[in-house]
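The structure appears below as C-alpha cells.
The values are calculated or read from the model by the stated rules, or taken from the named source; none is laboratory data. Just so you know, these numbers come straight off a predicted model, no measurement behind them. Every residue, glycine as well, gets a Cβ built from its backbone with ideal geometry; the counts of neighbours run over all protein chains shown. Protein only, heavy atoms only, side chains kept; ligands, DNA and RNA dropped before computing areas. Shrake-Rupley method; radii C 1.70, N 1.55, O 1.52, S 1.80 Å.
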Amino acid sequence: ALEFCNHPKLLDHQYYPVFFESNDNRKLHVAFFVKKSLPLVIETRSFIDETWVNPNKENGKNIEPVFARNLGTIVVRNKNAPPQAPPLLVMMTVHLKSKRSTPGDPEGILKRAAEVQRTAEIIRKIRKEFGENVPLILAGDFNNEVKTSQEFEVLRSNIGLIDSFDTLKNPPKPEERVTHSYLPRFRPKHYSQLDAIFVSSSLASRVLHSSVYRYRGENGQIKPLPTTRHERNMNPSDHFPIFMDLDIAP
C-alpha cells in the first residue's frame, strides 16, 4: 500500500501521502494525500493501539484493537502561523467494520458501534486540547447507512457533527446520496450512503459544495448506477467518492 502511495505516476507528483498502518488482516489501510504546494505543517496522530473488550470472547482473549483500520488523524497548521496558533483543521479518516457477520456479532454492529464510540471519545479529547470550536472533519467509509443507522447517532447528537450534504441550502435527494451498490446474486439489490464527510458545526457555514462523484464511461458521459455485478465490476470500486469544497480562508 505504501509503495502504491509513492508511485511516481500517481497524481502527477503534486501530492504526498500521509499513511497510517492498520491492524487489519487484509492489509487495508487509511491515508491522506496533501498537496505539496500548500503552505501547511502536518502533525499525524495514530490510534492503532486503542483497545476494546470484545464481549463475545473469553477472558484473556477478549482485549482487541478497537480500530481494525486505524483512525488516521492529521492536525493541519498554517506554516506561517505562530507555534501557539490553533490548528487550521483537524482531519480524521475512518474505514469502519464491514457488515460481514462474525460469531456473536451479526452484521458487525457491536464492533462498528465500539469504533464509533471510541471515535467520539477521541474527538472530545481533541476538543479539550484545542477548544470546543476547533474545525474538525471526520470522513470515510462508515459501512452502514450514514443517515439512519443508530450507531452513528452519537456523532450527530453528542458530538454535533453534520453530514456535509446537510449543510447545503439544497441538500442532495436520497438517490443523489448513494455511495455504494450492493448487488447480491439471489437477493434484491440495494443502494446506500455508506460514506460521508462529517464536519463540525464551526465548519458548517463554510461548506460551499458537497456531492457524490459518479463514474464516467469512455465517452465522458456519467454512467448510471450499476444494476448488475458486471456493471459494478466495470467501475473502479463498489463505492462512489464524495467531494467537498470548503472555504477555510480567514
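The number of residues in the range 132-165 that are part of a strand (DSSP E or B), open to solvent by less than 30 Å² (accessible area, probe 1.4 Å) and closer than 11 Å to Ile197 by Cβ comes to 5. In this structure, Glu176 does not qualify as over 23 Å from the mean Cα position of the chain (by Cα), of a type in the set (D, E, K, R) and surrounded by fewer than 16 Cβ atoms within 10 Å (Cβ to Cβ).
Results for (1) closer than 22 Å to His29 by Cβ; (2) among the small types (Gly, Ala, Ser); (3) without any contact (Cβ under 8 Å) to a residue 12 or more places away in the chain, shown as yes or no for each residue.
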| position | (1), (2), (3) |
| --- | --- |
| Pro103 | no, no, no |
| Arg112 | yes, no, no |
| Ala120 | no, yes, no |
| Lys128 | no, no, yes |
| Glu151 | no, no, no |
| Asn158 | no, no, no |
| Ser164 | no, yes, no |
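When the range 95-119 is filtered for residues that are buried (at least 17 other Cβ atoms within 10 Å of the Cβ) and part of a helix (DSSP H, G or I), the ones remaining, listed by number, are Gly108, Leu110, Lys111, Arg112, Ala113, Ala114, Glu115, Val116, Arg118, Thr119. Scanning the range 180-192 for residues that are of a type outside the set (D, E, K, R) and over 18 Å from Ser237 (Cα atoms), we see that the one that is most open to solvent (accessible area, probe 1.4 Å) is Phe186. Filtered by the rule that a residue be among the aromatic types (Phe, Trp, Tyr) and assigned to a strand (DSSP E or B), the range 232-250 gives a lone residue, Phe243. Taking the criterion of being under 23 Å from Pro184 (Cβ atoms) and among the hydrophobic types (A, V, I, L, M, F, W, C), would at least one residue in the range 118-138 satisfy it? No, every residue in the range 118-138 fails to be under 23 Å from Pro184 (Cβ atoms) and among the hydrophobic types (A, V, I, L, M, F, W, C). Looking at Asp247, Asp195, Asp238, just one residue is surrounded by 15 or more Cβ atoms within 10 Å (Cβ to Cβ) and more than 15 Å from the chain's Cα centre (by Cα), and that residue is Asp238.
On the stretch given as the range 30-57, residues that are open to solvent by less than 70 Å² (accessible area, probe 1.4 Å) and touching a Cys at 6+ places or on another chain (Cβ under 9 Å) total 1. In the range 178-231, counting only strands (runs of 3 or more DSSP E) that sit wholly within it, the ones holding 1 or more residues that are β-branched (Val, Ile, Thr) span 195-199, 207-212.
In the range 227-250, the residues that are farther than 14 Å from Tyr182 by Cβ form Cβ pairs under 7 Å with partners that are hydroxyl-bearing (Ser, Thr, Tyr) and part of a helix (DSSP H, G or I), at six or more places apart or across chains, as follows: Met244/Ser164.
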